[in-house]
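One structure below.
The values are calculated or read from the model by the stated rules, or taken from the named source; none is laboratory data. In this text the structure is predicted, and so the values were computed from the model without any measurement. Every residue, glycine as well, gets a Cβ built from its backbone with ideal geometry; the counts of neighbours run over all protein chains shown. With ligands, DNA and RNA removed, areas are computed over all heavy atoms of the protein, side chains included. Shrake-Rupley method; radii C 1.70, N 1.55, O 1.52, S 1.80 Å.
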Amino acid sequence: MKPTRRHVLLLWMLVCSGLTEAIEPISTSIAVGMAAALTGFLASYQNILYYFHECCRPQWISFNRTGLKTDLENKLFGQHVASRIIVKAVTGFMSNNNPKKPLVLSLHGWTGTGKNFVSQLIAKNVYKKGMDSNFVHVFTSELHFPHSSQFDTYKSQLQQWIKGNVSDCARSMFVFDEMDKMHPGLIDSIKPYLDYYDKLDGVSYRKAIFIFLSNAGGESIIETALEFWKAGKNREDIKLSDLETALSLSVFNNRKSGLWHTSLIDKHLVDFFIPFLPLEYQHVVQCAMAEMKARGLEPDLSVANQVARDLVYFPKSERVFAVKGCKTIDTKLDYYT
Ligand SMILES: *[C@@H]1O[C@H](CO)[C@@H](O)[C@H](O)[C@H]1NC(C)=O
Ligand SMILES: *[C@@H]1O[C@H](CO)[C@@H](O)[C@H](O)[C@H]1NC(C)=O
């Protein structure tokens, strides 16, 4: 019998659903045998199917701790505080087989400091297909929830999506970009999923990962970094505790971003607040060098310096931090190389 696309899908569903492993070995072989007879495939085709179709299984989802650590060390620049917390948070969560709640990370900082990039690195080291995985979902306020008048529709849609996706795969990841622009009610609607529930409507969300990205608190992080700089202190000596007070104060006092933060903080739904420092000239140079390397070019320091010199820095008098961080390096490099 010639296998058709339908046969492949059938067997894939059987394999992906975990049926073949959930039942004991003898019945497994029966199940596989049935599937094989049914489709004309041999049991060994399982591995081939695992290989070609992304499944919610360890073949496709397994955490690479060293990978995340080295990626953060080699590819993320100027973020010693964030790096440390992220490795600790994700490693702790992924090595716990029975977490009490989903992992909720809130990434704060100015544009171009690496918040999006970090979520990509996490995805890359959890999912074989990284951001292209079917189990990684990115929501942007402007793209997915643009009209506040349609908020009720968005709300039920978002809840259905989260529920549907987590039912399909407990190890799902959700990234919410521009969290500070999101309707507070929309954030309220996802709160139940972040909490310490064993199950909600029969679905457990405790293995999921939620990542919130926002500029909220960015200004107070900059203030702290600038104070260190002005005092002639080493940037690497900035500790989380130096930023935490500033971050929570600004987050609580800022009317615009306060709404969602307050409700999330009050209930301790966010596990880690992760500050991203503004980037300096040297970091922009590092970004440019890394980008050249990633493009398969020989990293050229003079080009990297040229790119970094071209950027705008603030505050106006001291010109310490790059206004857009590493964000426009891409296009600038196109120009110089
Ligand atoms: C984990 O990451 C390291 C460093 O990027 C890589 O060398 C290694 O092959 C990865 N391991 C797996 C199992 O993918
Ligand atoms: C999963 O989320 C996506 C949006 O990222 C949505 O389009 C899809 O319908 C969801 N799947 C389920 C089963 O709800």
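Tabulated results
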read-out: Unique match (being open to solvent by 70 Å² or more (accessible area, probe 1.4 Å) and among the charged types (D, E, K, R)) among Lys332, Lys316; value: Lys316
read-out: Condition met for Thr70 (open to solvent by 10 Å² or more (accessible area, probe 1.4 Å), within 23 Å of Leu279 (Cβ to Cβ) and more than 16 Å from ligand 2 (Cβ to nearest atom)); value: yes
read-out: Within region 85-118, considering residues that are of a type in the set (Gly, Ala, Ser) and farther than 15 Å from Ile61 by Cα, the one nearest to ligand 2 (Cβ to nearest atom); value: Ser106
read-out: Residue satisfying all of: in region 151-180; assigned to a strand (DSSP E or B) and hydrophobic (A, V, I, L, M, F, W, C); nearest to ligand 2 (Cβ to nearest atom) among these; value: Phe174
read-out: Residue list for region 212-240, filter: open to solvent by less than 20 Å² (accessible area, probe 1.4 Å) and among the aromatic types (Phe, Trp, Tyr); value: Phe212
read-out: Residues of region 56-103 that turn out to be part of a loop (DSSP other than H, G, I, E, B) and more than 13 Å from ligand 1 (Cβ to nearest atom), as a count; value: 14
read-out: Any hit, region 287-307, residues being closer than 13 Å to Thr113 by Cβ and among the acidic types (Asp, Glu); value: no
read-out: Total residues in region 119-150, condition open to solvent by less than 40 Å² (accessible area, probe 1.4 Å) and away from ligand 2 (no atom under 15 Å from the Cβ); value: 5
read-out: Failed condition for Cys56, given (1) in the same structural domain as Ile209 (by TED's automatic domain parsing); (2) within 16 Å of ligand 2 (Cβ to nearest atom); value: (1)
read-out: Region 164-193, residues that are without any contact (Cβ under 8 Å) to a residue 40 or more places away in the chain, within 20 Å of Trp110 (Cα to Cα) and open to solvent by less than 10 Å² (accessible area, probe 1.4 Å); value: Phe176
read-out: Residue that is farthest from Met94 (Cα to Cα), among those in region 194-211 that are open to solvent by 50 Å² or more (accessible area, probe 1.4 Å) and among the basic types (Lys, Arg); value: Lys199
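Here is a yes/no grid of residues against (1) in contact with a strand residue (DSSP E or B) (Cβ under 8 Å, 6 or more places away or on another chain); (2) modelled with pLDDT of 90 or more:
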| position | (1), (2) |
| --- | --- |
| Lys230 | no, yes |
| Ser248 | yes, no |
| Phe252 | no, no |
| His268 | no, no |
| Leu297 | no, yes |
| Val307 | no, yes |
| Phe314 | yes, yes |
| Arg319 | yes, yes |
| Ile329 | no, yes |
